[in-house]
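In what follows, a single structure is set out as structure tokens and then discussed.
The values are calculated or read from the model by the stated rules, or taken from the named source; none is laboratory data. A quick note: this is a predicted structure, and the numbers were derived from the prediction, not measured. Don't worry about glycine lacking a Cβ; one is built from the backbone with ideal geometry, like all the others, and counts go over all protein chains shown. Calculation scope for accessible area: heavy atoms of the full protein, side chains included, ligands and nucleic acids excluded. Shrake-Rupley method; radii C 1.70, N 1.55, O 1.52, S 1.80 Å.
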Amino acid sequence: MTSQLSGVAFLLFLAFPLDAAAQAAPSNPITQTLRGAWTEAKANIRKSADVMPEAKYGFKPVETVRSFGAILAHVAGASYEFCAAAKNEKTPYAEDAFEKSAKTKADIVKALDGAIAYCDEIYKTLDDAKAAQVVNGAFGGPKGPRAAALFGNTGHYQEHYGNIVTYLRINGLVPPSSAPQK
């Protein structure tokens with residue numbers, strides 16, 4: 001019995017190193033987490049723009065909410081606010097700029113693609129040290145770490161993706177995150 005317990009203990013020792021240093025920590029773990037969340041959030045929003053037919057961009061489940069297209073245009077405008085704060089620069093577009101100007105699927109998708117590209121610049125060049133740097137807050141809010149603006153942007157995408165999923169399902173469409181992966 002003792003030899004069996006010793007054998008089990010030895011196997012556990014091999015499977016789970018006791019020295020924490022033996023388990024290498026990833027480089028820039030905060031940035032890696034933030035970048036992964038951004039990659040998933042932007043893909044779900046962008047793919048949703050393709051899934052919804054142009055004829056349904058004006059769809060809204062009730063009159064008191066934004067249409068599908070208006071949600072995407074809003075997300076695009078807000079992206080510039082969040083990511084300009086993370087870049088510590090003035091936003092090139094107001095939050096409502098595209099809701100006011102982009103009315104067709106092509107115009108909305110173009111605005112969304114531009115916003116994603118603008119934000120990709122900061123997510124791609126980020127590391128944990130840069131993420132901790134203090135910058136101006138998004139939407140004129142208080143100063144804070146650069147990562148706060150980027151977590152805000154990613155969270156905003158995820159928040160509105162929740163709306164979009166409902167809009168797609170009401171219209172008999174499968175949201176990108178539920179679609180079979182190819």
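Listed values, structure above:
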item	result
Of all residues making up region 29-64, the number that are within 21 Å of Glu121 (Cβ to Cβ), surrounded by 17 or more Cβ atoms within 10 Å (Cβ to Cβ) and touching a Pro at 6+ places or on another chain (Cβ under 7 Å)	1
Some residue of region 65-79 being closer than 19 Å to Tyr167 by Cβ and open to solvent by 30 Å² or more (accessible area, probe 1.4 Å)	yes
Filtered residues of region 120-133 (kept if outside any helix (DSSP H, G or I) and either open to solvent by less than 30 Å² (accessible area, probe 1.4 Å) or over 16 Å from Phe82 (Cβ atoms) (or both))	Leu126, Asp127
Matching residues, region 66-95, being in contact (Cβ under 8 Å) with a residue 12 or more places away in the chain, farther than 15 Å from Ala111 by Cβ and not in a helix (DSSP H, G or I)	Asn88
Residues of region 146-164 satisfying the condition of being surrounded by 17 or more Cβ atoms within 10 Å (Cβ to Cβ) and either free of Cβ contacts under 8 Å to residues at least 60 places away in the same chain or touching an Asp or Glu at 6+ places or on another chain (Cβ under 7 Å) (or both)	Ala148
Scope region 126-151; condition among the charged types (D, E, K, R) and closer than 20 Å to Pro29 by Cβ; matching residues	Asp127, Asp128, Lys130, Arg146
Residue among Lys103, Lys87 that is open to solvent by 70 Å² or more (accessible area, probe 1.4 Å), of a type in the set (D, E, K, R), over 16 Å from the mean Cα position of the chain (by Cα) and farther than 21 Å from Ile170 by Cα	Lys103
